[in-house]
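Down below is the structure, laid out as C-alpha cells.
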Amino acid sequence: MKVACTVLETSGGSDLLAEFNRPLRRAVLWRRRSFGTPSVAGSQFVERILTAVTTLRQQQRDVLDYLTAVCQAALCGEKPPSLLPQSHGVSCAL
C-alpha cells in the first residue's frame, strides 16, 4: 500500500488519493462513533451495508429503493437485485 501511495503522491495525485479514500470515510466515521460491533455477524452486516451504500452512490442509484427491493425479494424467496451496474448489451465469455 505504501508503494501505491508514494506513486500517487509523487505524480501529483493527491486529489486522486483523496478520491480513493472518500468512500472509506463513511465506514471510518461510523466505526469511530459506534465503537464497532460486539459480534462477527454484526461486523459482516455493517461491512455489507456500507459496501452496498457506497457502490450504489457511486452508480448514482437510490439506496432506499435498492434495499427495499432486497427485502421484498427475501420475503418472496426470490433472487435479490444485483449491485452490478446494468450491462449495455456487452457479454463476457469465460
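Derivation of every value follows stated rules applied to the coordinates shown; laboratory data play no part. Keep in mind that what you see is a predicted model, and the values were worked out from it rather than measured.
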Additional length obtainable on full extension of the chain from Leu16 to Val70, 0.36 nm per residue less Cα span = 16.2 nm
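Length gain on complete extension for the stretch Arg33 to Thr51, per 0.36 nm per residue less the alpha carbon to alpha carbon distance?
Numbers: separation 18, 0.36 × 18 = 6.48 nm, distance 1.81 nm.
Gain on extension, Arg33 to Thr51, equals 4.7 nm.
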